[in-house]
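Colleague: The structure is given below, and queries will be raised subsequently.
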Amino acid sequence: MLQGGGALGAYQAGVYETLSDFGHTPGWVAGISIGAINAALIAGNPKQHRVERLREFWEGVSSFPFGHPPPLPVARAVASGKLTFDRTRDALNETNATIAMLFGVNGFFSPRVPGVQWSGTAVGNARWTGVRLRDLLERAGVKPGAKEATFRGLDKPPLESVPAFVKSLDLARASAPDADVLVAYAMNDAPLFPTHEAIVVVHHGDAGAHRRRST
């Protein structure tokens, strides 16, 4: 069982390499946190490549994120006695932690920063054309006691056991005088669907995943 803890993970890799040199590698392995990563590298590679893959991972995560780090101007301070070993170690630890927070760790993670993330999570804008849901409800009439407007998705579930895609919207919100819920049939001046058999309900304050392509 390989335990969690970043520095401990590097120790685990060294121990496994030593055991491998003596031909005493474990027959099974499990782990948590960083130990689980080591376990995956061990179990997921052929026996002859396990040490190589562990070394490759740990050399990657232990390196500076964009090349070799510039030498820190601490040697003279240590030699002159102005900077003790403990203070030097503390300074290096704080520096490395700051670098990891700002730039991530090679082969391990990249920091999430405020603003648009163009790596796959960018959000686009669109100009919708349609009619207000409130106007449709007034013309169609709402049954007494109704609480919600329900929209059934045009897309079908992949399996019969999967429920239909249905979303609902509170009628009080949809029919309020300042309601901005739109039943859209065009986006950026182009029809949503060539057959005009579906619409999209757009309402502010909800994620795009809540926009239902409805019949």
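Colleague: Residues with amide H under 5 Å of TRP128's amide H, sequence separation 5 or more or different chain, H placed in the peptide plane at 1.01 Å from N; which?
Modeller: So TRP128 has HN proximity to ASN188.
Colleague: Right, something else. Aspartates and glutamates within cross-link reach of LYS47: Cα-Cα under 19 Å, excluding same-chain residues under 8 positions apart?
Modeller: Within the straight-line limit of under 19 Å, LYS47 reaches these aspartates and glutamates: GLU17, ASP21, GLU56.
Colleague: How big is Rg to Rh over segment 124-185, alpha-carbon atoms, Rh as the Kirkwood inverse-mean-distance radius?
Modeller: Details: Rg = 14.1 Å, Rh = 13.5 Å.
Value, to two decimals: 1.04.
Colleague: Let me ask something additional. Whole-Hz Karplus ³J(HN,Hα) for segment 129-145, in order, using 6.51 cos²θ - 1.76 cosθ + 1.60 and θ = phi - 60°, x for Gly and Pro?
Modeller: 10, x, 10, 6, 4, 4, 5, 5, 5, 5, 6, 7, x, 10, 5, x, x
Colleague: Also: What is the set of long-range amide H partners of VAL201 at a cut-off below 5 Å, with H atoms built 1.01 Å from backbone N?
Modeller: Correct list: ALA184, ARG212, SER214.
Colleague: Could you tell me the accessible area of ILE37 in Å² (1.4 Å probe, neighbours in place), rounded to the nearest ten?
Modeller: For ILE37, the solvent-accessible surface is approximately 50 Å².
Colleague: Next question, about the same structure. List every residue whose amide H lies under 5 Å from the amide H of GLY153, counting only residues 5 or more places away in sequence or on a different chain, with H placed 1.01 Å from N in the peptide plane.
Modeller: So GLY153 has HN proximity to PHE165, VAL166, LYS167.
Colleague: Grab the other residues whose beta carbon is less than 14 angstrom from that of ALA100, score K and R as +1, D and E as -1, and report the net. Write down the numbers at each step before the final one.
Modeller: Working: positive: ARG112; negative: GLU94.
Neighbourhood net charge equals 0.
Colleague: How do LEU159, LEU8 stack up against each other in accessible area, from largest to smallest, with a 1.4 angstrom probe?
Modeller: Final ranking, largest accessible area leading: LEU159, LEU8.
Colleague: In whole Hz and in residue order, list the ³J(HN,Hα) couplings for segment 176-187 that follow from phi through the Karplus curve 6.51 cos²θ - 1.76 cosθ + 1.60, θ = phi - 60°; x for Gly and Pro.
Modeller: Running phi through 6.51 cos²θ - 1.76 cosθ + 1.60 with θ = phi - 60° gives 5, x, 9, 5, 10, 6, 10, 9, 8, 10, 8, 9 Hz.
Colleague: In whole Å and largest first, what semi-axes does the C-alpha gyration tensor of segment 1-55 yield when each eigenvalue is scaled by 5 and square-rooted? It would help to have the intermediate numbers written out before the result.
Modeller: Working: eigenvalues 53, 26, 20 Å².
In descending order the semi-axes read 16, 11, 10 Å.
The values are calculated or read from the model by the stated rules, or taken from the named source; none is laboratory data. It should be emphasised that the depicted structure is a prediction, and the values quoted were computed from it without experimental measurement. With ideal geometry, Cβ positions are generated from the backbone for all residues, glycine too; neighbour counts draw on all protein chains shown. Heavy atoms of the whole protein, side chains included, go into the accessibility calculation; ligands, DNA and RNA do not. Shrake-Rupley method; radii C 1.70, N 1.55, O 1.52, S 1.80 Å.
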